[in-house]
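S.K.: This is the structure I have questions about; it appears just below.
The values are calculated or read from the model by the stated rules, or taken from the named source; none is laboratory data. Not measured: the values here are computed from a predicted model. Positions of Cβ are backbone-derived with ideal geometry, glycine not excepted, and every protein chain shown enters the neighbour counts.
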Ligand SMILES: [Ca+2]
């Protein structure tokens, strides 16, 4: 995290005018024109499997004793498992666009699920295309404008179904308005009430995942049977295990009586921001029981195992087609789910269950097998990692603007060469009317709540974040240092102004003229 930026656009990379950068950009353009479409012969295929809302610890490969994920476990056993990986914002659109752009959400204006990143953002899909890859996105990426490409050549299966349902363009409405006192409440409480077994027909959201995975299987088989000389970079974006917590009936029954109870299910001792989020989720009245939370988790475990079955099909297709030996498989989720922990359901919290994600890299014969990496890393690191794996490059003026660092040194056991030093995650969406963020450095996690008390946790001794150390004199020096680090590149007041301006624009430009009203 060597490059510190302010929240304002003045230090954005495109505003620099270093002649050397301009020359290098021109040279890069010449290089691209001559090399596009010709990947290095050794460039591997790349399959990125990105699930939605998979709690980092609810899987066999990260030690859970109940949740069955045999296929992900197999992937981890033949690859490198990052046990302290994070998203950069615990919400679909900001997390995903930040990952694709390789930049923190405040640097691309991705505040909430109604924003869209600038059309000319150069994503890692662009970078892989320039490196000679065929690039395809199947399923969810929550671009807000589901027909958008953002550097992918094709989207064989869109994230919306044929009726335009599901993750359609959220840009036609506004996110929660921070000038108003939380009039909108998300589905947390309703999810608890509604959790259980799904009907045999399954909800449309889960039926569409089937199409997404089938689209990916077809892409892999087509690449194997009619190779066009280019390696394939394929993204499989499922909605599973995202709620509603309605598991396939057989999987719901498989976990009957087996779901564990998370910590602090009635949300005691939380700070202002998480208390506000509980109200937003309709959880603050505590009118749910331990059995209710167990039932929700029973269903969630079923959704995770259903997703894992899809992973098994994808890995099986790689093996059947002979592509497995030369394909890098990457697994990650866009954020986690509180699943009842600290009295919350869903995401949007800075807490581990919401912001931490599973992350695996596998390349048989090239990457180590069975390695575990505990260094904190995040989804913005994916971009430079993919550049290095693919042999691709960006002009320095763009490469210098990336906020992540290649994970290859960690993957290959050269930890001393890894340039990252901590993880930054922020949230400016719904549930609390102010921005917040955290910086994790080593075992310490500093949570910066703009306008409210800050928090400090030592995850080595307190992995469930039950002891806020912000007032502990023994931790004062650490707290000052971490706060200062955050303030060197993230300005809470400036971010808040930008969010309010965006919400005001969304409200007038979309809701007044399209929806005919100014609210939800
Ligand atoms: Ca999501």
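S.K.: For the stretch 212-223, indicate whether the set of residues that are in a helix (DSSP H, G or I), more than 29 Å from residue 357 (Cα to Cα) and touching a strand residue (DSSP E or B) at 6+ places or on another chain (Cβ under 6 Å) is non-empty.
M.R.: Scanning the stretch 212-223 turns up at least one residue that is in a helix (DSSP H, G or I), more than 29 Å from residue 357 (Cα to Cα) and touching a strand residue (DSSP E or B) at 6+ places or on another chain (Cβ under 6 Å).
S.K.: Further, regarding this structure: Looking for something part of a helix (DSSP H, G or I), in contact with a strand residue (DSSP E or B) (Cβ under 7 Å, 6 or more places away or on another chain) and without any contact (Cβ under 8 Å) to a residue 40 or more places away in the chain - is there at least one such residue anywhere in the stretch 455-462?
M.R.: Checked the stretch 455-462: no residue is part of a helix (DSSP H, G or I), in contact with a strand residue (DSSP E or B) (Cβ under 7 Å, 6 or more places away or on another chain) and without any contact (Cβ under 8 Å) to a residue 40 or more places away in the chain.
S.K.: Among the residues of the stretch 86-110, how many are more than 15 Å from the ligand (Cβ to nearest atom) and under 18 Å from residue 496 (Cβ atoms)?
M.R.: Counting residues in the stretch 86-110 that are more than 15 Å from the ligand (Cβ to nearest atom) and under 18 Å from residue 496 (Cβ atoms) gives 5.
S.K.: Cβ-Cβ under 8 Å, sequence separation 6+ or interchain: first residue in the stretch 83-99 and at pLDDT below 95, partner assigned to a helix (DSSP H, G or I). Which pairs?
M.R.: If the second residue must be assigned to a helix (DSSP H, G or I), the pairs left are 93/170.
S.K.: Given the structure, is residue 330 closer than 26 Å to residue 88 by Cβ, within 16 Å of the ligand (Cβ to nearest atom) and not in a loop (DSSP other than H, G, I, E, B)?
M.R.: no
S.K.: Can you name every residue in the stretch 68-78 that is buried (at least 24 other Cβ atoms within 10 Å of the Cβ) and either within 16 Å of the ligand (Cβ to nearest atom) or not in a helix (DSSP H, G or I) (or both)?
M.R.: Scanning the stretch 68-78 gives a single hit, 69.
S.K.: Does residue 237 satisfy being more than 25 Å from the chain's Cα centre (by Cα) and under 30 Å from residue 131 (Cα atoms)?
M.R.: The answer is no for residue 237.
S.K.: Okay, next question. Has the stretch 480-490 got any residue that is at pLDDT 95 or above and farther than 28 Å from residue 402 by Cβ? Before the answer, list the steps.
M.R.: Residues of the stretch 480-490 at pLDDT 95 or above: 480-490.
This time we only want the ones that are farther than 28 Å from residue 402 by Cβ, so: 480.
Yes: the stretch 480-490 contains one or more residues that are at pLDDT 95 or above and farther than 28 Å from residue 402 by Cβ.
S.K.: Exactly one condition in (1) over 30 Å from residue 225 (Cα atoms); (2) more than 16 Å from the ligand (Cβ to nearest atom); (3) touching a residue at least 40 places away in the same chain (Cβ under 8 Å) is not met by residue 294; state its number.
M.R.: With respect to (1) over 30 Å from residue 225 (Cα atoms); (2) more than 16 Å from the ligand (Cβ to nearest atom); (3) touching a residue at least 40 places away in the same chain (Cβ under 8 Å), residue 294 is out only on (3).
S.K.: Just need a number here: residues in the stretch 270-284 that are in contact (Cβ under 8 Å) with a residue 60 or more places away in the chain and out of contact with any strand residue (DSSP E or B) (no Cβ under 8 Å at 6 or more places or on another chain).
M.R.: Selection size over the stretch 270-284: 10.
S.K.: For the stretch 40-67, give me each residue that is touching a strand residue (DSSP E or B) at 6+ places or on another chain (Cβ under 7 Å) and assigned to a loop (DSSP other than H, G, I, E, B). Walk me through how you get there before you give the answer.
M.R.: To start, the set of residues in the stretch 40-67 that are touching a strand residue (DSSP E or B) at 6+ places or on another chain (Cβ under 7 Å) comprises 44-54, 56, 59, 61-62.
The answer is 44, 52, 53, 54, 56, 59.
S.K.: Listed residues 257, 312, 267; which is without any contact (Cβ under 8 Å) to a residue 60 or more places away in the chain and either more than 16 Å from the ligand (Cβ to nearest atom) or surrounded by fewer than 20 Cβ atoms within 10 Å (Cβ to Cβ) (or both)?
M.R.: Going through 257, 312, 267 in turn, the sole match is 257.
S.K.: Which of (1) farther than 30 Å from residue 133 by Cβ; (2) over 21 Å from the mean Cα position of the chain (by Cα); (3) modelled with pLDDT of 95 or more is the odd one out, the single condition residue 305 does not satisfy?
M.R.: Status for residue 305: all satisfied but (2).
S.K.: Another question about this same structure. Please count how many residues of the stretch 463-488 are assigned to a helix (DSSP H, G or I) and farther than 15 Å from residue 425 by Cβ.
M.R.: Adding up the residues that qualify gives 12.
S.K.: Give 349, 354 a once-over and let me know the one that is in a helix (DSSP H, G or I) and under 30 Å from residue 288 (Cα atoms).
M.R.: 354
S.K.: Can you tell me how many residues within the stretch 400-434 are without any contact (Cβ under 8 Å) to a residue 12 or more places away in the chain and assigned to a helix (DSSP H, G or I)?
M.R.: 3
S.K.: Inspect the stretch 388-395 for any residue being within 21 Å of the chain's Cα centre (by Cα) and more than 16 Å from the ligand (Cβ to nearest atom) and give the result as yes or no.
M.R.: Yes, there is a match, as at least one residue in the stretch 388-395 is within 21 Å of the chain's Cα centre (by Cα) and more than 16 Å from the ligand (Cβ to nearest atom).
S.K.: Moving to a separate point now. Has the stretch 236-247 got at least one residue that is more than 18 Å from residue 305 (Cα to Cα) and not in a loop (DSSP other than H, G, I, E, B)?
M.R.: Within the stretch 236-247, none of the residues are more than 18 Å from residue 305 (Cα to Cα) and not in a loop (DSSP other than H, G, I, E, B).
S.K.: Just to check your reading of the model, which residue among 343, 336, 322 is farther than 12 Å from residue 79 by Cα, more than 16 Å from the ligand (Cβ to nearest atom) and either at pLDDT below 95 or buried (at least 24 other Cβ atoms within 10 Å of the Cβ) (or both)?
M.R.: Criteria check complete, one pass: 343.
S.K.: May I ask you to verify whether residue 121 is surrounded by fewer than 20 Cβ atoms within 10 Å (Cβ to Cβ), touching a residue at least 40 places away in the same chain (Cβ under 8 Å) and either within 14 Å of the ligand (Cβ to nearest atom) or farther than 28 Å from residue 222 by Cβ (or both)?
M.R.: no
S.K.: Looking only at residues in the stretch 124-152 that are within 16 Å of the ligand (Cβ to nearest atom) and assigned to a loop (DSSP other than H, G, I, E, B), which one is farthest from residue 423 (Cα to Cα)?
M.R.: Of everything passing the filter in the stretch 124-152, 146 is farthest from residue 423 (Cα to Cα).
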